[in-house]
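What follows is a single structure, written as structure tokens, with notes after it.
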Amino acid sequence: MDKKTEGFSAREAAAIIGAAVFSPSERKTVTIDGVAIDSRNVKPGNLFVALEGERADGHHYLSEAARAGASAVLVDHEKSACVEGGWAAFATHSGLVVMTVEDPLVALQRLSRWWIDRFDTLVRIAVTGSSGKTTTKELLGSVLSMKAPTVVNPGNLNSEIGLPLALFGVGPADHFGVFELGINRIGEMELLSSLYHPQHLLITNIGTAHSGPLGGKEGVFREKTKVLAHMQGEGFVFYPEDDDRIDALKSRYPSLAFRPYGPATLTGLETVEDLGTEGWLLRYRGVSIHYPLLGQHNLQNGCGVIALAFELGVSPELIGAALSAAAPVAGRCRLLRGAISVLDDCYNANLDSSERVFEYIASLPWDGRKVIVFGSMKELGSSSLDAHRAAGQAIASSGVDAVFLYGEETSESFREISDQGSMSQILHFSENQFDELSERLLAFVREGDLVLLKGSRTMGLERLIPLLQHEEKEFLHA
């Protein structure tokens, strides 16, 4: 916000969210320039929003926010005991404007909605799905920025807390906004959609991620598609060409233009050549494009980006330039080449994304051995046992040379692989055995191997990357 606009006044914000205000007498007008919820990230002029989380409560870090240069704080009116003398006294001795509300998170969300609604010329695009959201959002943002100034949510700020923070990044110079919407509980999509109200939507896929808290695979579909009810105008909805469930929704939203996407349905896609570890070579409307992202799923999502960008007026030449410059996002099917190569796909995992990457490594030409390190898939609820069994079957069919399983849930995968697989090494480790996993993996790998890391974010498999890179240096200096 600080680089794009002059911000807004604390009293203006207080009026929007219905806050009581305690202000130092010498500060008649206070301008807010940016919003932060972590005192370590506060910059001069920021509004610090004190949120209570599972591990920390922002109300205990108000003094740190003041020292970092915050101009105002947004707090729970009932938590005055966290500061000496109450909120009025804290405002006086800290020099901060203090805004008190019943629920700081709700106030943050309301303020972010007011902020983005100021920019009525912004073309609002949402990206959602069970996997591939962040890569697709970044890719679409880079393509659209070739035509006009574009803002995207940083990293994966896509939740009930992250999205409001990301929306404050919108400024008057921006023409396109590309924001991913991520959910893990019932009702969250309705909240996020009501804050953003997208005009256009790109659905990457709707599978099994967070199927536990969302009520199974059909629950995921039901919750994800609730965004449609909050779309504004006569926008586009792009969805995967192999998902026929969308057809049942079209009659309910006659103002929206539904468009399937993928290599079989993308109008103007003339040829597709699989380059293996080099990505894809596409010819689109006469333009040759070297698209470096790996795997069929990235080809699919790339087709969605192309289709939507073309509808929004981006030329094939500019689309090609942006796609050719695409770089993989950490943890999302990123190939790290070396003496030991690592296929880093461990940002998150569900059955759909796991089966896709197992199929990919099975089909990938590789001179050395192939090794899979598979961590538990979390938040699958009652489908967890079946999902891990199915993942084990997919691994057993992949033809890799060795499998290292990590996490209690993968014991189901271990049984399936042991019954069906013919690997030289099949080992299972519990979640408290990361050191043992690391030791056995490093003892097994050798120069020329390809190691796939796949598992849910909470399993922390990315910790293996520097260990394997260190091992690579040992090979190179041997």
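Just so you know, all these numbers are worked out from the coordinates, no wet-lab data involved. Keep in mind the model is a prediction, meaning the values are calculated, not measured. Ideal geometry is used to build each Cβ from the backbone, glycine not excepted, and the neighbour counts take in all protein chains shown.
Brief remarks follow.
- Long-range HN-HN contacts of HIS428 with modeled amide H, under 5 Å: LEU405
- Between amide H atoms placed 1.01 Å from N, distances below 5 Å from TYR253 occur with no residue 5 or more places distant or on a separate chain.
- In the chain, the DSSP beta bridges split such that about 30 percent are antiparallel, to the nearest 5.
- Summing Cβ point charges (Lys, Arg +1; Asp, Glu -1) relative to the Cα centre of the chain gives a dipole of roughly 1100 debye.
- Counted residue by residue at 0.36 nm each, then reduced by the alpha carbon distance between them, the extension gain from GLN433 to ALA229 reaches 68.8 nm.
- Amide H to amide H, with H built 1.01 Å from N, PHE236 comes under 5 Å of LEU201, ALA257, counting only residues 5 or more places away or on other chains.
- Each of LEU437, ALA402, SER384 was placed along the dipole of the range 380-478 (beta-carbon charges, centred on the mean Cα), and the one lying farthest toward the positive end is SER384.
- Near GLU138, once Lys and Arg are set to +1 and Asp and Glu to -1 for all other residues with Cβ below 15 Å from its Cβ, the sum equals +3.
- Check: the range 8-104 dipole with +1 on Lys, Arg Cβ and -1 on Asp, Glu Cβ, in debye: 420 debye
- Fully extending the segment from ASP117 to LEU281 would add 55.0 nm, taking 0.36 nm per residue of separation and subtracting the current Cα-Cα distance.
- Where Rh is the Kirkwood radius over Cα pairs, Rg/Rh for the range 119-324: 0.95
- GluC sites (Glu not before Pro) lying in DSSP loop within the range 382-454, provided at most 13 other Cβ fall within 10 Å: none
- The modelled label-to-label distance between GLU462 and ALA327, using points 7 Å beyond Cα along the C-beta direction, is 1.5 nm.
- Identified option (computed P(r) over Cα pairs in 20 Å bins from 0, in percent; candidates (1) 22, 49, 27, 2; (2) 19, 51, 27, 3, 0; (3) 20, 45, 28, 7, 0): (1)
- Of the GluC sites (Glu not before Pro) found in the range 220-261, those that fall in a DSSP loop while having at most 16 other beta-carbon atoms within 10 Å are GLU234.
- Sparse-neighbour loop sites [trypsin sites (Lys or Arg not before Pro); the range 74-137; at most 16 other C-beta within 10 Å; DSSP]: ARG118
- A Förster radius of 56 Å, combined with the Cβ-Cβ distance separating ILE16 from TRP366, puts the computed FRET efficiency at roughly 0.50.
- Label sites at GLU218 and ARG40, each approximated as a point 7 angstrom past Cα along Cα to Cβ, lie 4.5 nm apart.
- Extending 7 Å from Cα along the Cβ direction at GLU102 and again at SER422 yields two label points whose distance is 6.7 nm.
- Across the options PHE179, GLY95, GLY53, the greatest Cα extent toward the positive end of the charge dipole of the chain (unit charges at beta carbon of Lys, Arg, Asp, Glu) belongs to GLY95.
- Other residues whose C-beta falls under 10 angstrom from the C-beta of ASP344 contribute a net charge of +1, scoring Lys and Arg +1 and Asp and Glu -1.
- Efficiency of FRET between GLN296 and ASP57 - r from beta-carbon atoms, R0 56 angstrom, step 0.05: 0.80
- Overall, the range 59-164 carries a charge dipole of about 520 debye about its Cα centre when +1 sits on the Cβ of Lys and Arg and -1 on the Cβ of Asp and Glu, all other atoms neutral.
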